[in-house]
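Structure first, then comments.
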Amino acid sequence: MANLKRIKTRINSIISTQKITRAMKMVASAKVKKFENRVKASRPFTYELEKMFYRLLHSVSEIEAKETEFKEPINNFPVLLKERPIKRTGLLVMTSNKGLSGAFNANVVRYTIKTVQEYKEKGIDCELFIVGQKGNNALKRLTDDYDFKITKTYLNFSETPTSSQAMLVAGDMARSYVNGDIDSMEIITTRFRNMMSYSVEKWDILPLDEIDFDYTKEEFSDMEIEPSLSSVLSELVPLFISSIIFQAMLESIASELASRMTAMSAACNNAEEMIQKLTVDYNKARQAMITQEITEIVGGSAAINK
């Protein structure tokens, strides 16, 4: 009887868990489609903005600032665009605030540690800017083991990223860059592929890489800039940096939701298999108990008849 009760309790527990995983799967399924559309819609804008920015820089012979003061460090384009030796890099790590998303956060953390180790071998230190509670919790425990610094964390961002959030992160990283605390800005994020897959990638922001867009000779011709190159760059550089960060946020959330949907789907299937197996065990145990009771009744009746 005790064995039957234990099996029944376990079945009920798994059924309750399955209800939760099924609900989470449905929520993730509904959200991931929306973010998939947002990701695909924002990619062309980000690409064209980068293309225009590189084209502008290629069209001017020299960048000089007429103004000596800027509203914010992120507007200080002469310092942000100036090449310098890289001794310390700033890594923006995109993770989630919630768990139960499969290996999503673990993959990002693993890639981050790998990147830190690679830079250490080159003699470059790393400062981390972490988006997401899960990444912060995991990487905080590894700071001493892998010798890196967590400079800033962003743990209260909403599930739906906004341009103001991206600008906040961009401003913090630009401040560190202008102050000389870091010499490069990079992002470790996931690129959303489809509902079933994503890939962890490292995106370079600053210093600027070589131009890798397909241009025609006409597109490299000089551009007429109004009112001045300085005023245009002071507005375009913040937009360039924040748009890449915003795109990384969208890609990361879409990948997280896709990973959670897949993980919860697998959890629902596993729960169903366990319920079926435990139901068979329950029926076998119940049948054995009934058989034992019938045997005892028959044995008792035979003893009385004697």
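Here is a yes/no grid of residues against (1) touching a Ser or Thr at 6+ places or on another chain (Cβ under 9 Å); (2) outside any helix (DSSP H, G or I); (3) not hydroxyl-bearing (S, T, Y):
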site: E256; (1), (2), (3): yes, no, yes
site: C268; (1), (2), (3): yes, no, yes
site: M274; (1), (2), (3): no, no, yes
site: K277; (1), (2), (3): no, no, yes
site: Q287; (1), (2), (3): no, no, yes
site: T291; (1), (2), (3): no, no, no
site: E296; (1), (2), (3): no, no, yes
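Yes or no, residue by residue, for (1) within 30 Å of S13 (Cβ to Cβ); (2) modelled with pLDDT under 90:
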{"residue": "F192", "(1), (2)": "no, no"}
{"residue": "D214", "(1), (2)": "no, yes"}
{"residue": "E219", "(1), (2)": "no, yes"}
{"residue": "F240", "(1), (2)": "no, no"}
{"residue": "L250", "(1), (2)": "no, no"}
{"residue": "M261", "(1), (2)": "yes, no"}
{"residue": "E273", "(1), (2)": "yes, no"}
{"residue": "Y282", "(1), (2)": "yes, yes"}
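Yes/no matrix, rows are residues, columns are (1) surrounded by 15 or more Cβ atoms within 10 Å (Cβ to Cβ); (2) small (G, A, S):
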| residue | (1), (2) |
| --- | --- |
| L229 | yes, no |
| L236 | yes, no |
| S242 | yes, yes |
| I253 | yes, no |
| L257 | yes, no |
| C268 | yes, no |
| A271 | yes, yes |
| T291 | no, no |
| I297 | no, no |
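I150 meets each of the listed conditions (1) more than 15 Å from the chain's Cα centre (by Cα); (2) of a type outside the set (K, R); (3) within 15 Å of F246 (Cβ to Cβ) apart from (3). Exactly one residue among N37, N75, N107 is polar (S, T, N, Q), surrounded by 15 or more Cβ atoms within 10 Å (Cβ to Cβ) and modelled with pLDDT of 90 or more, and that residue is N107.
Looking across the range 106-160, the residues that are assigned to a loop (DSSP other than H, G, I, E, B) and among the aliphatic types (A, V, I, L, M) come down to I124, L142, L155.
Each residue in the range 181-194 was checked for being under 15 Å from the mean Cα position of the chain (by Cα) and over 16 Å from T115 (Cβ atoms), and 3 of them qualify. Applying a threshold of 8 Å to beta carbon distances and a minimum spacing of six or more residues, or different chains, the list of pairs starting in the range 69-89 at a residue that is of a type in the set (F, W, Y) and ending at one that is part of a loop (DSSP other than H, G, I, E, B) reads F70/N76; F77/I63; F77/A65. In the range 115-130, the count of residues that are in the same structural domain as M167 (by TED's automatic domain parsing) and modelled with pLDDT under 85 is zero. Screening E64 with (1) at pLDDT 90 or above; (2) exposed (fewer than 12 other Cβ atoms within 10 Å of the Cβ); (3) of a type outside the set (K, R) gives one miss only, at (1).
Out of all the residues in the range 127-147, which are among the charged types (D, E, K, R) and over 14 Å from the mean Cα position of the chain (by Cα)? First the steps, then the outcome.
Of all residues in the range 127-147, those among the charged types (D, E, K, R) come to 127, 134, 140-141, 144-145, 147.
Answer for the range 127-147, where residues must be among the charged types (D, E, K, R) and over 14 Å from the mean Cα position of the chain (by Cα): E127, K140, R141, D144, D145, D147.
The values are calculated or read from the model by the stated rules, or taken from the named source; none is laboratory data. Keep in mind the model is a prediction, meaning the values are calculated, not measured. A quick note on method: Cβ atoms are made from the backbone with ideal geometry, for glycine too, and the neighbour counts reach across all protein chains shown.
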